[in-house]
Amino acid sequence: RDVSSWNTIISGLMRHGRATEALDRLQQMVRAGVAFSNYTYSMAFSLAGLLLLRDLGRQLHGRVVVAVLEEDAFVGCSLMDMYCKCGEMEAALSIFDRWSEFTEDIQFAWSTMVAGYIQNGREEEALEFFLRMLREGVPAGQFILTSVAAACANAGMVEQGRQVHGFVEKLGHRFDAPLASAIVDMYSKCGSLEDACRVFESAQDKNVALWTTMLCSYATHGQGRMALEIFSRMKAEKITPNEITLVTVLSACSHSGLVSEGYHYFNLMQEEYGIVPSTEHYNCMVDLYGRAGLLDKAKNFIEENKISHEAIVWKTLLSACRLHKHIEYAKLASEKLVQLEQYDAGSYVLMSNMYATNSKWLDTFKLRSSMRERRVRKQPGQSWIHLKNTVHRFVALDVSHPRSAEIYAYLEKLMERLKEMGYTGRTDLVVHDIEEEQRETSLKFHSEKLAIAFGIISTPVGTPLRIFKNLRVCEDCHEAIKFITRATNREIVVRDLYRFHHFKDGQCSCEDFW
Ligand code: ZN
Ligand code: ZN
C-alpha cells in the first residue's frame, strides 16, 4: 500500500460523504508510517475543516512546516480554508499573507478569505478584505460579488452594499439572475425597497429565483398586495413558480390579513402547479387563519390535514393564541408541543407571557421552574445601527458604548416624555420573558431603545433611523417606538428577525400584526 492507494481510498470516502471513515483511514495511514504527499495533506485539512477539528488541523499544520510544504499551492489553500472553517481567521490570514505570493489562483485565495469572514459572521471585515482586494487590482468574479452582497444584506450595511452594486456596474458584469437576486435582496434587507425594485426591473432575463426574491422583499416589508401583483406579473410572463415562491405568496397573504386570497393560492398551488403542500405551506395556512383571529379554522385545518404530528404548526397556533388571548387553544397547543417534545424556549416564553397577562401566577411559576430544569436558553437580544460606516451594537443594559452616559440620560428623559404622551410600559408582558428576566431587567433599556436613543443624539433632527435586531422586536419596544416617532418627528425603520417595521407618525406599517 503506497501513498497513492491511501489517497485514493480516503478521497473516495470523502466524495461519498463518509468523512469520519475517511478520518479513520487517515489515522491508520499515520500508524502504518506512510509519509503524506501534498495531496494527502490537502485532504486532511479539508477533513479537519469539515469536522471542525481545530486541534488536528493545528497538528497537521506543524507537520506541513516540518515537511517544508507550506508554499505548496494545494496545501496552502486547504490549510487556509481549514482555519476559516474552524473560525480561526487570524491564523487563516497569516497563511494568506504568506501564501498569496506563491499561488497562481489568486482570485480563489481572496474568495476563500472573504467567504471565511462571512461564514464566521464577521461581515465588516469581509467587506474590508474585499475592498483591499479591489485596490490591489485582483478581478472580482461573480461568486465573490454575490457573497459580498449577501454579507451586506445580513449586516444591513446599505452604504457598503451600494458600493458593491456600483462595482458590479463599473466592472461591466452582466446582471445575470443570481447576482441580481443578491443585489435585490441586499437592498431589501437593508430597508431600501425602492432600490430593490429598480434593480429588479432593470435585470434582463429574470428567473424564478429572482421573481421570488422580489416577491419576498415586498412581503417582508408588509406590502402583501404588491407581493401578489408581482406574482400575477410572474404568471403572465409564463414563469412557473416553485415551492419557495408559494411559501412566500402564502406568508405575504397571512401577514397582510388576506385570508381568502391565501386560501385561493393554496388551492391553485396544487391544482395548477401540481405542488404537493409541504409542512411549510400548511404552516402558512395555520398562520393565515390564526393571525386573522380565525382560531377554530386554524385548529380544524391542522386536524383535517393530518399534520398534528408537526410541532411547528402547534407553535404557530400558540403564537396566534397569544395574539388573540385564547387560553383554551393555547393550552391545547402547549400540551401537543410537550407530547412532541418540542417545547423550546420560544414556546415557554409565549406561554408564560400569556399566563402572566391573565394573572395566573401559579401556572407561570410552574412553567418557569420546569423551564429552568430543562435549561432552555434564549439567544440574547442585540440591536445595531450604522452611522458613518461604523456599526454600533447594543445589548440590553449595555454600558460598553463610549457615549453610554449620554445615551442613558437621554433615554430617561425620552421615556418621561413618552409617558406624558400616554405611553404606558407594557411590563405585564415582558417581565415574564425568561430571556428578559436574566438579561433585560429593565424594559427601559432594551437593546433597540438604546440603539434608537444613540441614533437620535448622533444625527441631525428629522434624520430617519434604521435599526436592526437579531430577534423579534418586543411588544413594549414596538409600542414605545410608535410614540418616539411622534415625540421626535422622525421615521424609524426596524428590521427584526422576521420583517420590517416602518414607524411613522405614531403608526407602524405592520399594523401591530406581526
Ligand atoms: Zn423591548
Ligand atoms: Zn410593526
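Answer yes or no as to whether LYS315 is closer than 17 Å to GLU280 by Cβ, at pLDDT 85 or above, among the charged types (D, E, K, R) and in a helix (DSSP H, G or I). Show your work before the answer.
Working: closer than 17 Å to GLU280 by Cβ: yes; at pLDDT 85 or above: yes; among the charged types (D, E, K, R): yes; in a helix (DSSP H, G or I): yes.
Yes, satisfied.
Among the residues of segment 214-244, write down those that are of a type in the set (Ser, Thr, Tyr) and crowded, with 24+ Cβ neighbours inside 10 Å.
Once the filter is applied, which keeps residues that are of a type in the set (Ser, Thr, Tyr) and crowded, with 24+ Cβ neighbours inside 10 Å, segment 214-244 yields SER217, TYR218.
Looking at segment 142-157, is at least one residue more than 22 Å from the chain's Cα centre (by Cα) and in a helix (DSSP H, G or I)?
Among the residues of segment 142-157, at least one is more than 22 Å from the chain's Cα centre (by Cα) and in a helix (DSSP H, G or I), which makes the answer yes.
Of all residues in segment 495-507, how many are within 16 Å of ligand 1 (Cβ to nearest atom) and modelled with pLDDT of 90 or more?
Going through segment 495-507 one residue at a time, the tally reaches 3.
Please go through segment 464-484 and give me each residue that is under 13 Å from SER447 (Cβ atoms), hydrophobic (A, V, I, L, M, F, W, C) and either open to solvent by less than 10 Å² (accessible area, probe 1.4 Å) or within 13 Å of ligand 2 (Cβ to nearest atom) (or both), ordered by number.
Of all residues in segment 464-484, those under 13 Å from SER447 (Cβ atoms) come to 467-474, 476-477, 480-481.
Now narrow it down to the ones that are hydrophobic (A, V, I, L, M, F, W, C): 467-468, 471, 473-474, 477, 480-481.
The answer is ILE467, PHE468, VAL473, CYS474, CYS477, ALA480, ILE481.
Looking only at segment 219-250, which residues are within 16 Å of ligand 2 (Cβ to nearest atom) and either of a type in the set (Phe, Trp, Tyr) or part of a helix (DSSP H, G or I) (or both)?
Passing the criteria: ALA219, THR220, GLY224.
Could you check segment 170-188 and list, in sequence order, the residues that are closer than 14 Å to THR146 by Cβ, open to solvent by 20 Å² or more (accessible area, probe 1.4 Å) and either at pLDDT below 90 or in contact with a Pro (Cβ under 7 Å, 6 or more places away or on another chain) (or both)?
Result: LEU171, HIS173, ARG174, PHE175, ASP176, PRO178.
Kindly indicate whether TYR282 is surrounded by 17 or more Cβ atoms within 10 Å (Cβ to Cβ) and either closer than 21 Å to ILE239 by Cβ or modelled with pLDDT of 95 or more (or both).
In short, yes.
Is there any pair with a first residue in segment 77-92 that is among the polar types (S, T, N, Q) and a second that is open to solvent by 10 Å² or more (accessible area, probe 1.4 Å) whose Cβ atoms are under 6 Å apart and which are 6 or more apart or on different chains, and what are they?
SER78/SER42; SER78/SER46
Contact list please: Cβ distance under 7 Å, first residue in segment 30-46 and under 18 Å from GLY76 (Cα atoms), second residue open to solvent by less than 20 Å² (accessible area, probe 1.4 Å) and hydroxyl-bearing (Ser, Thr, Tyr), pairs at least six apart or on different chains.
SER42/SER78; MET43/SER11; PHE45/SER78; SER46/SER78
Quick check: anything in segment 433-440 at pLDDT 90 or above, of a type in the set (A, V, I, L, M) and more than 20 Å from MET157 (Cα to Cα)? Outline the logic, then answer.
Going residue by residue through segment 433-440, those that are at pLDDT 90 or above are none.
Checked segment 433-440: no residue is at pLDDT 90 or above, of a type in the set (A, V, I, L, M) and more than 20 Å from MET157 (Cα to Cα).
Considering each of GLY161, GLY166 in turn, give the residue that is within 24 Å of PRO464 (Cβ to Cβ) and surrounded by 20 or more Cβ atoms within 10 Å (Cβ to Cβ).
From the options GLY161, GLY166, the qualifying one is GLY161.
Please find, within segment 141-153, the residue that is farthest from ARG495 (Cα to Cα) out of those that are at pLDDT below 85 and out of contact with any Ser or Thr (no Cβ under 7 Å at 6 or more places or on another chain).
Among them, the one singled out is GLY141.
Of the residues that sit in segment 78-108 and are part of a helix (DSSP H, G or I) and modelled with pLDDT under 85, which one is nearest to LEU50 (Cα to Cα)?
This residue is PHE108.
Would you tally the residues in segment 456-494 being away from ligand 1 (no atom under 15 Å from the Cβ) and within 20 Å of the chain's Cα centre (by Cα)?
Let us first name the residues in segment 456-494 that are away from ligand 1 (no atom under 15 Å from the Cβ), namely 456-466, 485-491, 493.
Narrowing the set further to residues that are within 20 Å of the chain's Cα centre (by Cα) leaves 466, 493.
Selection size over segment 456-494: 2.
For segment 489-514, give me the residue count where each residue is surrounded by fewer than 18 Cβ atoms within 10 Å (Cβ to Cβ) and not in a strand (DSSP E or B).
10
Looking only at segment 311-328, count every residue that is over 23 Å from GLU511 (Cβ atoms) and surrounded by fewer than 20 Cβ atoms within 10 Å (Cβ to Cβ) and tell me the total. Write out each step before concluding.
To start, the set of residues in segment 311-328 that are over 23 Å from GLU511 (Cβ atoms) comprises 311-314, 327-328.
Filter once more, so that each one left must be surrounded by fewer than 20 Cβ atoms within 10 Å (Cβ to Cβ): 311-312, 327-328.
Residues meeting the conditions: 4.
The values are calculated or read from the model by the stated rules, or taken from the named source; none is laboratory data. Not measured: the values here are computed from a predicted model. Cβ: placed from backbone, ideal geometry, glycine included. Neighbour counts: every protein chain shown. When the accessible area is computed, the model is the full protein with side chains, heavy atoms only, and any ligands, DNA or RNA have been set aside. Shrake-Rupley method; radii C 1.70, N 1.55, O 1.52, S 1.80 Å.
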